[in-house]
Amino acid sequence: MTTNELSPLQKARLNFKPVLPKTLAEGIKKVEVIEGAKTECVKDQEEIKRLFPNTYGKCTVTFKSGSEKEYSAKNVGVILSGGQAPGGHNVVAGLYDALKQANKESKLYGFLGGPSGIIDGEYIEFTDEIIDAYRNTGGFDIIGSGRTKLETEEQFQKALANCKKLNITGIVIIGGDDSNTNAAMLAEWFVQNNAGIQVIGCPKTIDGDLKNDQIEISFGFDTATKTYAELVGNIQRDVNSAKKYWHFVKVMGRSATHVALEVALQTQPNITLISEEVEEKKLSLKQIVDYMANIIAQRANDGKNFGVALIPEGLIEFIPEMKRMIANLNDVMSTLEQDASYNKLTVPADRFDFIESRLEPDNAKVFESLPVLIKAQLLMDRDPHGNVQVSKIETEKLLIEMIKVKLDQMKAEGEFMGKFSDQCHFFGYEGRCAFPSNFDANYCYALGFNAYALMQAGMTGYLSSVRNLTAPSTEWVAGGVPLTMMMNMEKRHGHMKPVIQKALVKLDGPVFKKLEANREDWAMNDRYMFPGSIQYWGPSEVCDITTQTLKLEREAAAALV
């Protein structure tokens, strides 16, 4: 990459200097450990303890600045895993800078293409020139990413052999809940086999579902939600101008609705569906359609044939009858891979009938009632865990078609006097590789730097933790938490396996309560907010503002003290 190939923004962002927490900024050689309380996992304690006898129950740690020490050279490998999230390059940069600061003879290797790189022995050695070209940029293209699961003896043996070739004694895995489950598995195996290799994870996911009291937010969430909010704000400007379309906007977030909730708080659309609320209230697909159709009809009867609806990507799995049907479908599909009678079917209708005959009766009825388009999407290739690829299910189109039917009924009964014209959007990839916001640029750099501090302190099976995030970055609290602390047992590919538990939206929490308190007002009155582009330069109250989610959660926590 040459300077001539860079955009003006990229040239400017390369010169942005992330600000570390004071403890880390005083020097990696001065970092000392403060041990906290012993931990246990969130659920299924006995089973997780049995599966992770060497890494379970360790204490949380924070860092303080102490006397300077000398450290020998250390070779470390880094893996980018799972979907992209803004700031990943800064995690690598922070790790690299800490490693070189501790001992300039240390080396950082990047395994290519995600976890498969450590298995196949494909890597690059990072240099100042490589790292400097990617600072404060979006994407994972510095080494690429992948979704290979690390779980078999053969994989672990190959990973060990490739680490030994490079004299690697530490691995940092940058990823979400599944990727950090990989990290926990690898850390346990290395300890069990006296490999002498530490494993540290870093919390990444724009979905925002990898968090707890020690992990206040996963990186990428800040940038992605601001990017989506800009796009939704643009649509709301158009809606307010044209006044003739209902825009149905699906946003990323399969297993939790943090993204849609944050975007709603930033933009204030007319309708926001929250998957966790749908599940909690056991709302049927019909009830959801009725709720949306009634708002559309009421606005139309007031002369407003327009609006904006936010729909979480994973909604369909939270609707009780759909969730049961999909779970049943996942089990059925897992047995059909080797079924010759199914595989020889080429006509979609025949495949649908075949599936329906193997589903439980109630689930078969639900499947049969769906439009052909949705049926076909439900039968697409599974994700790496054997589940339906929810992002490929066009939930927004399903809702639109059902709403049209409902509105026709309401028109016939004199309850709907207006018009309904629709537009669809899915905002996903638009936010995954955006230039990281100032917050994410600082946060990610600190996470990487902090990961090396954990390694330097002798930790393994830990997740890099940086807290107190609503304060200036100099006041952030650096430390780490055991990965096993976040784990439970879940069913994957028909078998119970240890995984990091996803953090869902808390319906009794301050973030959802803010939406709930304003929902009726926003539905009928156009309180649209227009966030505009992510700001990098300018007044601090514009360019360095945190997400509503983080702000509300911290305020609620402070009120309890």
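Nothing in this text is a laboratory measurement; each read-out follows from the coordinates by a stated rule. These numbers come from a predicted model, not from an experiment. No Cβ is skipped: glycine too gets one built from the backbone with ideal geometry, and neighbour counts run over all protein chains shown.
Along the axis of the charge dipole computed for region 124-168 (Cβ charges of +1 for Lys and Arg, -1 for Asp and Glu, origin at the Cα centre), the listed residues 140, 161, 130 are led at the positive end by 161. Kirkwood radius and radius of gyration were both taken over the C-alpha atoms of region 402-520, and their ratio Rg/Rh is 1.16. The alpha-carbon positions of region 45-183 define a convex hull whose volume is 139 Å³ per residue.
For residue 419 and residue 321, a Förster radius of 25 Å and the Cβ-Cβ distance give a FRET efficiency of 0.20, rounded to the nearest 0.05. If you take every residue apart from residue 441 with its C-beta less than 12 Å away from the C-beta of residue 441, what net charge results, scoring Lys and Arg +1 and Asp and Glu -1? Summing Lys and Arg as +1 and Asp and Glu as -1 gives 0. Axis angle, to the nearest 10 degrees, between helix 320-334 and the longest C-alpha principal axis of the chain: 60 degrees. Among the listed pairs 43/513; 43/365; 406/506; 286/551, a Cα-Cα separation exceeding 29 Å is found for 43/365; 406/506; 286/551. The relative contact order of the chain, computed from alpha carbon pairs under 8 Å that lie at least 6 residues apart in sequence, is 23 percent. Axis angle, to the nearest 10 degrees, between helix 88-102 and the longest C-alpha principal axis of the chain: 10 degrees. Out of 297, 214, 275, whose Cα points farthest toward the positive end of the dipole of the chain (charges: +1 Lys, Arg; -1 Asp, Glu; placed on Cβ)? Working it through, the farthest residue towards the positive pole turns out to be 214.
Between the amide H of residue 394 and any residue lying 5 or more places away or on another chain, no distance stays under 5 Å, with hydrogens modeled in the peptide plane. Shown for region 139-282: lysine pairs separated by 8 or more places, or found on different chains, whose C-alpha atoms are under 27 Å apart, numbering 17. Could you name the lysines whose alpha carbon sits less than 18 Å from that of residue 38, not counting residues in the same chain fewer than 8 places away? Excluding near neighbours in sequence, the set is 49, 58.
With the dipole of region 171-237 worked out from charges on the C-beta (+1 for Lys and Arg, -1 for Asp and Glu) around the Cα centre, which of 174, 223, 236 lies farthest toward the positive end? Final value for the positive-end residue is 236.
In this structure the amide hydrogen of residue 201, modeled in the peptide plane, comes within under 5 Å of the amide hydrogens of 173, 462, 463, 464, none closer than 5 places in sequence on its chain. Global size of the chain: 24.5, 81 Å for Rg and Dmax (C-alpha atoms, Rg to one decimal, Dmax whole). Here is how the number arises for the chain: DSSP H runs of 4 or more residues each give -39500 (n - 2.57), the sum is divided by the residue count, and the result at 222 nm is -13500 deg cm²/dmol. For the chain, the longest principal axis of the Cα atoms and the long axis of helix 258-267 meet at an angle of about 70 degrees. Using only the Cα atoms of region 176-254, build the gyration tensor, take square roots of its eigenvalues as a ≥ b ≥ c, and label the shape rounded, prolate or oblate: rounded if a/c is under 1.5, else prolate if a/b is larger than b/c, else oblate. Prolate shape, in that a/c is at least 1.5 and a/b is the bigger ratio. A simple spin-label model places the labels of residue 9 and residue 290 4.5 nm from each other, with each point 7 Å out along Cα-to-Cβ.
Over all other residues within a Cβ to Cβ distance under 11 Å of residue 40, the charged ones net out to +2, with Lys and Arg as +1 and Asp and Glu as -1.
Given R₀ = 25 Å, FRET efficiency for residue 471-residue 101 by Cβ-Cβ distance, to 0.05? Between residue 471 and residue 101 the formula returns 0.55.
Straight-line cross-link partners of residue 74 among the aspartates and glutamates, defined as a Cα under 14 Å from its Cα and at least 8 positions apart when in the same chain: 97, 105, 125.
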